[in-house]
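Novice: For reference, the structure I am asking about is given below.
The values are calculated or read from the model by the stated rules, or taken from the named source; none is laboratory data. Because the structure is predicted, anything quoted here is derived from the model rather than measured. Ideal geometry is used to build each Cβ from the backbone, glycine not excepted, and the neighbour counts take in all protein chains shown. The protein model used for the area step is the full one, side chains on, heavy atoms only, and it has no ligands, DNA or RNA in it. Shrake-Rupley method; radii C 1.70, N 1.55, O 1.52, S 1.80 Å.
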Amino acid sequence: MREIRRLCVFCGSSNGANPAYADAARRLGRRLAAERIRLVYGGGNVGLMGVLADEVLAHGGEVIGVIPHGLAVKEVAHESLTELHVVDSMHTRKAMMEELADGFIALPGGLGTFEEIFEIITWAQLGIHSKPCGILNAAGYYDKLIEFLDHAVAERLVRREHRAMIQIEQDEGVLLDRMRKYEPPQIEKWIRVEQA
């Protein structure tokens with residue numbers, strides 16, 4: 001059973017159309033605070049990012065934000081965090097978030113969230129890290145993406161073992177439990193998918 005002391009969460013800078021997304025962010029925030037897991041996130045005070053950070057802080061938890069200077073000066077940086085790291089670029093931000101965290105979860109979000117979770121999953125696939133990666137599928141937001149991932153496996157462009165690296169649940173407690181039990185696959189990195 002792996003220990004998760006700091007969890008990186010990627011999520012939207014808006015709340016989205018469905019109130020269930022903010023509800024999921026609040027539930028996750030309460031869970032992290034209750035389990036004394038420090039939140040690592042993008043440092044913003046808007047959208048689901050702000051909802052999540054505020055909920056962790058409101059319940060006595062600790063929050064580490066990492067935000068590029070260009071966004072911080074636009075007054076979207078959260079000013080009440082336990083720690084706020086202002087960095088020079090989006091690339092530096094992602095590298096620092098990976099270094100700080102013991103695992104990663106995507107809540108609902110837009111293109112930035114997609115890019116962040118898929119890059120961190122790709123790093124795991126390449127063996128750059130062996131930390132668990134999860135998707136909290138609030139209100140079925142990621143249903144079509146999950147369907148597409150399975151399609152990519154069927155088309156032999158994603159290996160079944162790599163698809164299995166992505167922990168997907170609708171309940172934050174179940175997802176965290178699965179992530180604690182996660183063992184990275186032991187497979188050759190560069191075998192062509194056609195041979196799988």
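Novice: Between a residue in region 139-153 that is touching a residue at least 60 places away in the same chain (Cβ under 8 Å) and any residue that is open to solvent by less than 80 Å² (accessible area, probe 1.4 Å) and in a helix (DSSP H, G or I), which pairs come within a Cβ distance under 8 Å, given they are 6 or more apart or on different chains?
Specialist: ALA139/ALA20; ALA139/TYR21; ALA139/ALA24; TYR141/TYR21
Novice: Failed condition for GLY61, given (1) under 24 Å from ALA138 (Cα atoms); (2) open to solvent by 50 Å² or more (accessible area, probe 1.4 Å), with all others met?
Specialist: Failed condition: (2).
Novice: Okay, next question. Given the options VAL193, VAL158, name the one that is open to solvent by less than 60 Å² (accessible area, probe 1.4 Å), touching a Leu at 6+ places or on another chain (Cβ under 9 Å) and at pLDDT below 95.
Specialist: VAL193
Novice: Next question. Which count do you get for residues in region 152-172 that are in a helix (DSSP H, G or I) and either in contact with a Lys or Arg (Cβ under 9 Å, 6 or more places away or on another chain) or aromatic (Phe, Trp, Tyr) (or both)?
Specialist: Summing the residues that are in a helix (DSSP H, G or I) and either in contact with a Lys or Arg (Cβ under 9 Å, 6 or more places away or on another chain) or aromatic (Phe, Trp, Tyr) (or both) in region 152-172 gives 3.
Novice: Scan region 77-92 for residues that are open to solvent by less than 30 Å² (accessible area, probe 1.4 Å), in contact with a Gly (Cβ under 7 Å, 6 or more places away or on another chain) and not in a loop (DSSP other than H, G, I, E, B) and jot them down.
Specialist: Result: ALA77, single match.
Novice: For VAL66, which of the numbered conditions (1) farther than 19 Å from MET179 by Cα; (2) open to solvent by less than 30 Å² (accessible area, probe 1.4 Å); (3) in a loop (DSSP other than H, G, I, E, B) fails to hold?
Specialist: Among (1) farther than 19 Å from MET179 by Cα; (2) open to solvent by less than 30 Å² (accessible area, probe 1.4 Å); (3) in a loop (DSSP other than H, G, I, E, B), the lone unmet condition for VAL66 is (3).
Novice: Restricting attention to region 129-151, which residues are surrounded by 15 or more Cβ atoms within 10 Å (Cβ to Cβ) and not in a strand (DSSP E or B)?
Specialist: HIS129, LYS131, PRO132, ASN137, ALA138, ALA139, TYR141, TYR142, LEU145, ILE146, LEU149 - these are the residues of region 129-151 that are surrounded by 15 or more Cβ atoms within 10 Å (Cβ to Cβ) and not in a strand (DSSP E or B).
Novice: Residues in region 174-190: is at least one over 19 Å from LEU7 (Cα atoms), open to solvent by 60 Å² or more (accessible area, probe 1.4 Å), of a type in the set (Lys, Arg) and in contact (Cβ under 8 Å) with a residue 24 or more places away in the chain?
Specialist: First pass over region 174-190, keeping only residues over 19 Å from LEU7 (Cα atoms): 185-190.
Cutting the leftovers down to open to solvent by 60 Å² or more (accessible area, probe 1.4 Å) gives us 186, 188-190.
Subset that is of a type in the set (Lys, Arg): 189.
Filter once more, keeping what is in contact (Cβ under 8 Å) with a residue 24 or more places away in the chain: 189.
For region 174-190, residues over 19 Å from LEU7 (Cα atoms), open to solvent by 60 Å² or more (accessible area, probe 1.4 Å), of a type in the set (Lys, Arg) and in contact (Cβ under 8 Å) with a residue 24 or more places away in the chain: present.
Novice: Could you run through region 161-173 and say how many residues are open to solvent by 60 Å² or more (accessible area, probe 1.4 Å), under 26 Å from ILE37 (Cβ atoms) and touching a residue at least 24 places away in the same chain (Cβ under 8 Å)?
Specialist: So the answer is 1.
Novice: Would you tally the residues in region 1-18 being of a type in the set (Lys, Arg) and crowded, with 19+ Cβ neighbours inside 10 Å?
Specialist: Matching residues across region 1-18 total 0.
Novice: Okay, next question. Looking at (1) farther than 19 Å from LYS131 by Cβ; (2) open to solvent by 60 Å² or more (accessible area, probe 1.4 Å); (3) touching an Asp or Glu at 6+ places or on another chain (Cβ under 9 Å), which one does ALA25 not meet, given that it meets all the others?
Specialist: Condition not satisfied by ALA25: (2).
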